Amino acid sequence: MSTWLNDNGPLLFLALLDGTVTAFVLALIALGLSLVFGVMRIVNVAHGELFMLGAVLSWFAFDLTNDPLWGFLTALVLAPVIVGSIAIFSDRFILRKISYHPESTIVATIGLLYVIQQLTLMFFGPEVRPVEAPFYFRIQFPWFGYSGYKLLVAGMSALCLSGVWLLMKRSKLGLYMRATQQDIEIAKTFGVPTQKIYASVFALGGGLAALAGVLVVPIRQADHLMGLEPLLLSFIVVIIGGLGSIRGTIVAAFIIGISDGIISVFYEPTLAKMLATLLVAMVLVLKPGGLYGEDQA
Amino acid sequence: MLKINNLSSRYAQVKVLNKVTLKVKEGEILGLLGRNGAGKSTLLKSIMGLVEVVSGSISLDENILSEQQAHNIPKYGIGYVPQGRRLFPELMVEENLKMGLLVRDSSTDVLDWVLSLFPLLKSRMKQKSGTLSGGEQQMVATARALCLQPKYLLMDEPSEGLMPSMTETILETVEKLKTENVGILLVEQKIEGTLRVSDRIVFMENGSISEESDPQKLAENPESLMKYVGVKARY
Ligand SMILES: Nc1ncnc2c1ncn2[C@@H]1O[C@H](COP(=O)(O)OP(=O)(O)O)[C@@H](O)[C@H]1O
Ligand SMILES: [Mg+2]
């Protein structure tokens, strides 16, 4: 054991670092999906495309300003705002029109997925575009140097997650979101403008995905197809964590992120995905509500 | 005055209320009796804007509530205690009450007043409301509605499934509220208590008001009770 650690310790450490970064970003994306499902009871299949839009908008900002730092800062503000507005528009003119009917919204958001994807292809082209990180420094560990930007991504994601937690737990808007989630009819009889709450939740969910896109793009580049994998991983996280639970989402993102990091480093990425899928199957059989069910804490 | 004028309303395709006319004055307790399925809950939901109004109107003083969106209705001072309590089960008691306080930006004095009516809740504030006993949940449901300082309170079978002592507490609360000039529309199945606290009684049948009476008359002349709710009140 100790010789194994001596040989593989640094590699394990690297895997844990990578896994942590993945976990935080994944938690951000999945939290958006989970909030939307929790409060609005709809499965947003287009969620990954909102992440992709964040990444692509970040590339535009980089291309426009021609400066990695300014581009990054611009995208950090603009991408969530633009994507949030698209979400509000979709809520108003698509989801509300079909009365948030569970099955219809799945079909409608699949439609939305293709519209966003094809429009991006038209304007952006099929190329895979790299975006420079806003700054470059390496943190030197005894065994290897590690990207400072990646650690910043983890830190900023953690900050956003805490922000959402505070919003949900401490603010009037968050209280109204939780009340709407638990009983929309009674929420109305206590003055909650539930229509606006729905729009806010959908915008918040989209904004989180977009933010994750902006953060991730310097690590993994931008293209119009990049929304699929995070969508699938978010589904996995949300199923394992329990739909609508913030705590469950974060715990599940860590299970998936860290195990993905370790298995990818020591074995291969495909195996990590296979095991994640197996884990979902197991959770569905043993605890169909997910680890944290509907406690939405 | 809370006025319901010739109100007809429906769920999707099903018409439930048929030309209901009713008034509740400030400080008045109106008991609404009728068998299961008569449309009592639908009437209260219609007032709260939760059911589609087909014709007729609902007004409070000079404001026409039936033209308002549901979420604006409580802001006029209408508190709703729904059938089956329907607390926000994952919210703490404190947060459920906060939902009431926020409707009309009530001050903490209001919360103090409400807690003085239900002192037991003081020790339950941090508890998830879904984990409370039935009686405690009913207290929270009533307290939540009182937190918006209602001019009118709509109570839908508040004593359903409760022990007699809890029912008594609720009736006492209703009587206290009357002295504070709150108008109460009380839907009940428990006849005796309702007759005791109400100023007037109306009977509902098949979505319409079929008779209006008062407790005095009903005591002397209990046939209506037999006819509309199928029980004999004992005195
Ligand atoms: N959500 C609903 N959709 C369709 N019909 C309903 C709904 N709720 C109640 N009803 C019908 O409306 C009628 C009146 O119900 P309700 O107002 O609940 O009666 P009560 O409260 O007097 O027992 C019943 O026939 C019931 O089946
Ligand atoms: Mg009823």
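Each Lys or Arg adds one and each Asp or Glu subtracts one; over the other residues with Cβ under 14 Å from the Cβ of residue B:161, this totals -2. Close lysine pairs were tallied over chain A: pairs 8 or more places apart or on different chains with Cα atoms under 23 Å apart number 9.
Under 11 Å from the Cβ of residue A:55, count the other residues' Cβ atoms, weight Lys and Arg +1, Asp and Glu -1, and hand me the total. Walk me through the numbers on the way to the answer.
Numbers: positive: A:129, A:220; negative: A:49, A:223.
With Lys, Arg at +1 and Asp, Glu at -1, the net is 0.
Which percent of the accessible area of chain A is formed by carbon and sulfur heavy atoms (probe 1.4 angstrom)? Let's see the in-between values first.
Numbers: 9220 of 13120 Å².
Accessible surface attributable to carbon and sulfur in chain A totals 70 percent.
Between residue B:67 and residue B:176, the simple spin-label model (points 7 angstrom out along Cα→Cβ) gives 3.8 nm.
Under 5 Å between amide hydrogens, built in the peptide plane, is the criterion, and for residue A:146 it picks out A:139, A:140, A:141 among residues at least 5 positions away or on other chains.
One chain, two ends: residue B:133 and residue B:94. Fully extended at 0.36 nm per residue, the span grows by 12.4 nm beyond their Cα-Cα distance. Take the accessible area of chain A alone and of chain B alone, subtract that of the pair, and you get about 1900 Å² summed over both chains, using a 1.4 Å probe.
In order along the range A:258-264, the Karplus-derived 3J(HN,Hα) couplings, from 6.51 cos²θ - 1.76 cosθ + 1.60 at θ = phi - 60°, round to 5, 5, 4, x, 5, 5, 5 Hz, and Gly and Pro are given as x.
Starting from the Cα-Cα distance between residue A:12 and residue A:140, subtract it from 0.36 nm times their residue separation and give me the gain in nm to one decimal. Display every interim value, and only then the final one.
On the way: separation 128, 0.36 × 128 = 46.08 nm, distance 1.61 nm.
Extra length from residue A:12 to residue A:140 when fully extended: 44.5 nm.
Of the listed residues B:71, A:47, the order by accessible area with a 1.4 Å probe, largest first, is B:71, A:47.
In order along the range A:221-226, the Karplus-derived 3J(HN,Hα) couplings, from 6.51 cos²θ - 1.76 cosθ + 1.60 at θ = phi - 60°, round to 6, 10, 8, 6, 9, 6 Hz, and Gly and Pro are given as x. Per-residue SASA remark: residue A:165, around 90 Å² accessible (1.4 Å probe; ligands, DNA and RNA not included).
Using 0.36 nm times the number of residues separating residue A:266 and residue A:85, minus their current alpha carbon distance, what extension gain do you get? It would help to have the intermediate numbers written out before the result.
Numbers: separation 181, 0.36 × 181 = 65.16 nm, distance 4.20 nm.
Length gained between residue A:266 and residue A:85: 61.0 nm.
For the protein assembly as shown, what does the alpha-carbon gyration tensor say about shape, rounded, prolate or oblate, given a ≥ b ≥ c as the root eigenvalues, a/c under 1.5 as rounded, and a/b over b/c as prolate?
Values: a/c = 2.85, a/b = 2.29, b/c = 1.24.
Prolate, because a/c is 1.5 or more and a/b exceeds b/c.
For the range A:160-189, a decrease in accessible area of 20 Å² or greater in the assembled protein chains relative to the isolated chain, with a 1.4 Å probe, applies to A:172, A:175, A:176, A:178, A:179, A:182, A:183, A:185, A:186, A:188, A:189.
Amide H to amide H distances under 5 Å link residue B:80 with B:154, where only residues 5 or more positions off or on other chains count and H is placed in the peptide plane.
Using θ = phi - 60° in the Karplus curve 6.51 cos²θ - 1.76 cosθ + 1.60, the 3J(HN,Hα) couplings for the range A:18-31 round to 4, x, 5, 4, 4, 4, 5, 5, 4, 4, 4, 5, 5, 4 Hz; x is entered for Gly and Pro.
For the range A:113-164, rounded, prolate or oblate, judged on the Cα gyration tensor with a ≥ b ≥ c (square roots of eigenvalues), a/c < 1.5 rounded, else prolate if a/b > b/c? In terms of gyration-tensor shape, oblate. Taking the centroid of alpha carbons for each part, the range A:134-200 and the range A:1-75 are 14 Å apart. Oblate is the label for the range A:53-209. Its Cα gyration tensor axes, ordered a ≥ b ≥ c, give a/c of at least 1.5 and b/c at or above a/b.
Each label point was placed 7 Å from the Cα along the Cα-to-Cβ direction; for residue B:165 and residue A:285 their separation is 5.0 nm. Looking at the range B:13-110, the trypsin sites (Lys or Arg not before Pro) that sit in a DSSP loop and have at most 15 other Cβ atoms within 10 Å of their own Cβ are B:25, B:35. Kindly report, to the nearest 10 Å², the accessible surface of residue B:95 as traced by a 1.4 Å probe over protein heavy atoms only. Ignoring ligands and nucleic acids, residue B:95 comes out at about 30 Å². Entry comment: accessible area of the range B:88-149 is 39 Å² per residue, from protein heavy atoms only and a probe of 1.4 Å. If R0 is taken as 22 Å, the Cβ-Cβ distance between residue A:221 and residue A:158 corresponds to a FRET efficiency of 0.40.
Counting only whole DSSP H helices of chain B, the ones at least 20 Å long by C-alpha along their axis and with mean Kyte-Doolittle hydropathy no lower than -1.0 are B:164-179.
Count charges around residue A:185 for me, please; just the other residues with Cβ under 12 Å from its Cβ, Lys/Arg as +1, Asp/Glu as -1. Walk me through the numbers before you get to the answer.
Working: positive: A:188, B:45, B:86; negative: A:183.
Local charge sum for residue A:185: +2.
Using a 1.4 angstrom probe, figure out how much accessible area chain A has per residue, in square angstrom, rounded to the nearest whole.
Accessible surface, normalised per residue, equals 44 Å².
Measuring between their Cα centroids, the range B:65-120 and the range A:214-271 lie 41 Å from each other.
When shorter helices are ignored and each DSSP H run of at least 4 residues is given -39500 (n - 2.57), the per-residue value for chain A at 222 nm works out to -26000 deg cm²/dmol.
The values are calculated or read from the model by the stated rules, or taken from the named source; none is laboratory data. Bear in mind that the values here come from a model prediction, so they are computed numbers and not experimental data. Backbone-built Cβ (ideal geometry, glycine too); neighbour counts: all protein chains shown. Quick note on the areas: whole protein, heavy atoms, side chains included, nothing else; ligands and nucleic acids left out. Shrake-Rupley method; radii C 1.70, N 1.55, O 1.52, S 1.80 Å.
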